[in-house]
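Read the figures in this text as sums done on the coordinates, not as results from a lab. As the structure is a computational prediction, the values presented were derived from the model and not from experiment. Methodologically, a virtual Cβ is constructed for each residue, glycine included, from the backbone with ideal geometry; neighbour enumeration extends over all protein chains shown.
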Amino acid sequence: MASNLLLTPIFQHIVLAYTALFLSIALGIPLAILALYSRTLQRIVMTLSNLMQAVPTLAVVAIVVPLIGIGFWPAIVAIILRALLPIIKNTWIGLSSVDPAQIASAEGLGLSEWEIIRYVRLPNAYPAIFAGVKFAAILANSVAILTAMIGSGGLGSLVFEGLAGVNMMKMLSGALPAIGIALFLDASFSWMERRLLPRSGESGLE
Amino acid sequence: MRKRFGETVAVDGISLDIRGGELLILIGGSGSGKTTTLRMINRLIDPDEGSIAINGIDTQTIDGIVLRKNIGYVIQQIGLFPHMTIRENIGLLPTIEGWSREEIESRVAALLTLVHLPPDQFMDRYPKELSGGQQQRVGLARALVMNPPLLLMDEPFGALDPLLRRQLQDEFIGIKEDIGKTIVFVTHDINEAFRLGDRIAIMHEGRIVQIGTPRDLILNPADAMVSDLVGSDRLFEHIASLTVSDMMVPASSIISGDLPVQSAIEVMIQSRSTVAVVRERAASFSVLLLSTLLQRRDEVKTVLEATDPPFFLSMDVSLLSALEEMKAASVSLGLVMDDGEPAGLLLPDDLISRLV
């Protein structure tokens, strides 16, 4: 019974944070790619993304309520608004900071725009994208605690209820798993980064 | 293959024929339009006016991507992809085109061998593990992977140190013979142009000032700029590319063998020549030195008796080898024959004053 009481909020929290994170990736990377080819879109995306970072997280969560109400999906929107920025920004920087000689030779070889993105720009951007996604995952995890205030459920509910009722055990039962998840995220992303990122001969002996 | 160029800001009304199988050099200073011209050939840049045709087909009617896949392209910065192995770099286009793993493997191995990199040592290395010269060879191999009939090279050896550049040029001359492709090669290095080019187009301010073989440019520079660039006033620098016909003195007067000695002397003095060609019979010639004739004017009755046997040379023999032959035979005078008739005389003494 006690374990069920804890498992359900953990499960809710993970679903909340990861749904928002995956939607942010699914939204952020294509937007960053499109921003490569449209100056207007690039300006809009970058301005909005930077703006979102300037607004306090609590205000982002609060502003969602009058717009789309409370519950799971408004909470997802609030997390996405927070997590999108590092993904878009890092992806765009990674994609656009490719050595011009590589782009020139790819064009000369006869690669199409899409092939240049797929075979040249994206591989070059992987480290930056990865760093952005890792940062976004940790942001999503922390915002998912706050969104309990707008009815998302999850570990945040335990934290807020514990705070309100001065129930230290309840508060910690929400806070500790959230910290654990954050540490796990950080470690697992670092591990994936080492495993998945292409090496380019600088890493020395292998 | 025929190409015509219209106008762009950088290239101002160029018309140019590139012949199948030749290596055409585009040379000029920065801003002369040579790179722009090159990039218009594979439509990285489209001309504002005019057209480019390859084998009679207007390139504007071909999709740029398809066109570029069939034209090799090598740039000075090489632009190998650092996240891919050498195998993946060279095999990228075949991979996109859906070749099988074995086909790609054998093609990559063949190309690496062609550019003098042992495949088993280099296939699975990354570009950063290679020296600049090795990287540029991989760049060339990558450009050749789809076996394009035309190869565009934009200062490929420009970033290498002089010693390595020279070595790669030598290798490239060999590779060029092996692959037998039409090559357009941009450079700003006149020595490179002379070493590699079949023909050289000299560009200045978006125009082609002169186009021709290295010998054309050296011997008949169109203007002072060309003459200065190719060093027409320092012919000795180009001695290796000169032939006998470039440096011979035309045989202006041919004296008949039965001419009286006195008349022969008069003819030679009048024409200010110290040497004359003497026709003994229909197709038999010898040479006559004015000095010999003057010395022996009293002992000989006819010109024939004062002549020396000729040392024959042909027109298109390289000047250096002709001089070596003459030195070996201890003769100071060569009779240059063209199609059985005397065309001119090669006089080493006179040569030196013309070379320097």
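Could you tell me how far the Cα centroid of segment B:257-326 sits from the Cα centroid of segment B:164-180, in Å? Result: 45 Å between the Cα centres.
Sorted from longest to shortest, the spans of the Cα atoms of the protein assembly as shown along the three principal axes equal 142, 48, 37 Å. Each of A:Met169 and A:Ala101 was given a label point 7 Å from its Cα along the Cα-to-Cβ line. The distance between the two points is 6.6 nm.
Ignoring lysines fewer than eight residues from A:Lys89 along the same chain, the ones with Cα atoms less than 27 angstrom from its Cα are A:Lys134.
Per the Kirkwood formula applied to alpha carbons, chain B shows a radius of gyration over Rh ratio, Rg over Rh, of 1.14.
Helix A:168-196 and the long axis of chain A differ in direction by around 20°, with both axes built from C-alpha atoms. Between A:Phe11 and B:Leu164, the C-beta separation translates, for a Förster distance of 45 Å, into a calculated FRET efficiency of about 0.10.
Extension gain for B:Asp316-B:Ser106 works out to 71.3 nm (0.36 nm per residue, less the C-alpha to C-alpha distance). The radius of gyration of the Cα set in segment B:116-160, together with its Dmax, comes out at 11.4, 31 angstrom.
Rg and Dmax of segment B:190-237, based on Cα coordinates, read 9.8, 31 Å. Sorting the segments B:315-324, A:114-123, A:127-136, A:38-47 by their residues' average number of neighbouring beta-carbon atoms within 10 angstrom, most packed first, yields A:127-136, A:114-123, B:315-324, A:38-47. Both numbers refer to the Cα atoms of segment B:244-355; Rg and Dmax are 13.7, 40 Å. Scalar couplings 3J(HN,Hα) for segment A:73-80, obtained by applying the Karplus form with A = 6.51, B = -1.76, C = 1.60 to θ = phi - 60°, are 5, x, 5, 4, 4, 4, 5, 4 Hz; x denotes Gly and Pro. The mean of 1/r over all pairs of different alpha-carbon atoms in segment B:130-208, once inverted, gives a Kirkwood hydrodynamic radius of 13.4 Å. Angle of helix B:162-179 to the longest C-alpha principal axis of chain B, folded into 0 to 90 degrees and rounded to 10: 90°.
Note on segment A:2-200: semi-axes of the ellipsoid equivalent to its C-alpha gyration tensor, largest first and rounded to whole Å, are 37, 19, 11.
Our summary of shape: the Cα atoms of segment A:61-152 have principal axis extents of 55, 21, 15 Å, ordered from largest down, in whole angstrom.
At an R0 of 51 angstrom, the distance between the Cβ atoms of B:Arg125 and B:Lys327 translates into a FRET efficiency of 0.50.
In this rough spin-label picture, where each label sits 7 Å from Cα along the Cβ direction, the B:Arg297-A:Thr47 distance is 10.2 nm. For chain B, the longest principal axis of the C-alpha atoms and the axis of helix B:101-114 are separated by about 30°. Mean per-residue shielding of peptide B:198-209 is 0, counting Cβ atoms of other chains within 10 Å of each Cβ. Note on B:Asn55 and B:Ser253: the model spin-label points, each 7 Å out from Cα along the C-beta direction, lie 5.8 nm apart. Close amide H pairs (under 5 Å, H built 1.01 Å from N) link B:Ile52 with B:Arg4, B:Thr59, B:Gln60, residues at least 5 positions away or on another chain.
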